[in-house]
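The values are calculated or read from the model by the stated rules, or taken from the named source; none is laboratory data. All values reported here derive from a predicted model rather than from experimental measurement. Note: ideal-geometry Cβ built from the backbone for every residue, glycine included; neighbour counts use all protein chains shown.
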Amino acid sequence: MTLPGVVHETEPFFLEGSTGPLYACLHAPVGPSVGRAWVVAPPYGHESLQFHRALRLLADLLADAGCPVLRFDYHGTGDSSGDARGALLDRWFTDTAEMIDELRRRTGVADVGLIGLRLGGAVATRVAAARPDVVRLVLWDPVFDGRAHLAELRALHETMLGYAHVIPDATGSRDEVLGYPLTPALAADIEGIDVVRNITSRPADHVLLVETHEGVPQEPLRRHLGSFRCQLANARLSTPQLWEWVEDFGRVHVPRKVLDAIVRWAGEGASRGLAPGSVPGA
């Protein structure tokens, strides 16, 4: 559907992926594309809800700039098929790769890059490293140390239980965080994420690392990406309000300056071969 004044259209659909039907939404320019398209690898759990509006707006902005964008839900999450017992990183890697192929099929655009936020950043990095046809990668506060991320989630979960004045499960069950399922298999998958150690080849020729979370410094990942001699751009945009807990996700801050920096790089900067560390307007 296209609204007055909007230069893109959205098309929700289900893709019959190898893990089952996957919900997706294509944001496509009404006019000609610029010859570049993007798949968004979303975060998981409460962050998928927290950042839903921001990622939707990012997709709209990129489509308005001439870049088709495909958002989707992993197997076992959101509106895709499956349940928590089937939520595994290997399946999410497959889902993401199949979305790249589907975006190419639907748009005819060969140049498809990945945008990964938080846990989606770890997924996007792994997929890009395994596929030489992905030459552009945007990592927004990506999870590169799974053990630390899991500890952060569980600590926040315990804090929220205290605020809620509830009695923790007497069995000591740790099968959820902040109301979202966390099976032992998925917890082990997340704990095993170590991008610095496990990604041993250049994940993409052009990489934008976006840092907004001062509590999770990205310096080790920045150094690691720099060692591959890729065109690495870095946008450091401290946005503390983005990481403050809110109970009403309808009131979550939407970081427009972050979205604009990504759109400038994704739509223009990568093609102009910007020097490492430079992001227009960031």
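A few remarks follow.
Residue-wise test of (1) over 30 Å from Asp133 (Cβ atoms); (2) at pLDDT below 85.
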position: Ala151; (1), (2): yes, no
position: Met160; (1), (2): yes, yes
position: Tyr163; (1), (2): yes, yes
position: Ile167; (1), (2): yes, yes
position: Thr171; (1), (2): yes, yes
position: Glu176; (1), (2): yes, yes
position: Ile193; (1), (2): no, no
position: Asn198; (1), (2): no, no
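- Residues that are surrounded by fewer than 19 Cβ atoms within 10 Å (Cβ to Cβ) and over 20 Å from Leu15 (Cα atoms), drawn from segment 53-64: Arg53, Leu57, Asp60, Asp64
- In the set (1) among the hydrophobic types (A, V, I, L, M, F, W, C); (2) within 23 Å of Val254 (Cα to Cα); (3) in a strand (DSSP E or B), Leu15 fails one condition alone, (2).
- A single entry from Ala41, Ala37 fulfils the requirement of being of a type outside the set (Ser, Thr, Tyr), crowded, with 20+ Cβ neighbours inside 10 Å, farther than 26 Å from Gly250 by Cβ and at pLDDT 95 or above: Ala37.
Conditions tested, residue by residue: (1) of a type in the set (Gly, Ala, Ser); (2) without any contact (Cβ under 8 Å) to a residue 40 or more places away in the chain; (3) within 23 Å of Gly192 (Cα to Cα); (4) out of contact with any Pro (no Cβ under 7 Å at 6 or more places or on another chain).
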position	(1), (2), (3), (4)
Glu47	no, no, yes, yes
Leu57	no, no, no, yes
Asp60	no, no, no, yes
Ala63	yes, no, no, no
Cys67	no, no, no, yes
Gly86	yes, no, yes, yes
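- Summed over segment 182-204, the residues that are surrounded by fewer than 16 Cβ atoms within 10 Å (Cβ to Cβ) and outside any helix (DSSP H, G or I) give a count of 4.
- Selection within segment 205-236 - within 14 Å of Leu117 (Cβ to Cβ) and free of Cβ contacts under 8 Å to residues at least 60 places away in the same chain: Ala235
- When the helices (runs of 4 or more DSSP H) confined to segment 79-168 are screened for residues that are out of contact with any Gly (no Cβ under 7 Å at 6 or more places or on another chain) and within 30 Å of Glu11 (Cβ to Cβ), those reaching at least 3 such residues are found at 89-107, 119-130.
- Within segment 42-94, considering residues that are farther than 26 Å from Arg256 by Cα and aliphatic (A, V, I, L, M), the one farthest from the chain's Cα centre (by Cα): Ala84
- Test: residue in segment 46-67 that is in a strand (DSSP E or B), touching a strand residue (DSSP E or B) at 6+ places or on another chain (Cβ under 7 Å), farther than 26 Å from His157 by Cβ and at pLDDT 90 or above: no
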